[in-house]
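Asker: Structure below; questions to follow.
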Amino acid sequence: MLNSKSPKACVECGLPFGHPDFAYHAGQVQKGPAYWSDQGILCSHACSTAHFVRREAQGKPMTEPAPNPFRKRSIFD
């Protein structure tokens with residue numbers, strides 16, 4: 001899954017996926033995280049913003065949307 005060292009935790013703060021404070025798509029854990037990047041999942045709007053700012057400062061901005069890390073891909077993707 002993506003380039004994350006810990007695919008089941010926020011790449012900015014380390015909050016584990018499944019924690020009550022994690023933001024989920026449509027508010028449901030079954031629908032996956034509400035935020036993610038090519039480096040992994042993000043737990044909240046605040047961490048999503050911090051991730052964007054950090055990557056811009058490092059000179060490594062995202063150039064295109066990352067695929068949904070929880071979407072099952074076919075062998076043709």
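The values are calculated or read from the model by the stated rules, or taken from the named source; none is laboratory data. These numbers come from a predicted model, not from an experiment. Using ideal geometry, Cβ is built from the backbone for each residue, glycine included, and neighbour counts are taken over all protein chains shown.
Asker: Exactly one condition in (1) at pLDDT 95 or above; (2) touching a helix residue (DSSP H, G or I) at 6+ places or on another chain (Cβ under 9 Å) is false for Ala50; which is it?
Answerer: (2)
Asker: Which of the residues belonging to the range 33-76 are of a type in the set (Gly, Ala, Ser) and surrounded by 17 or more Cβ atoms within 10 Å (Cβ to Cβ)?
Answerer: Hits for the range 33-76 are Ala34, Ser37, Gly40, Ser44, Ser48.
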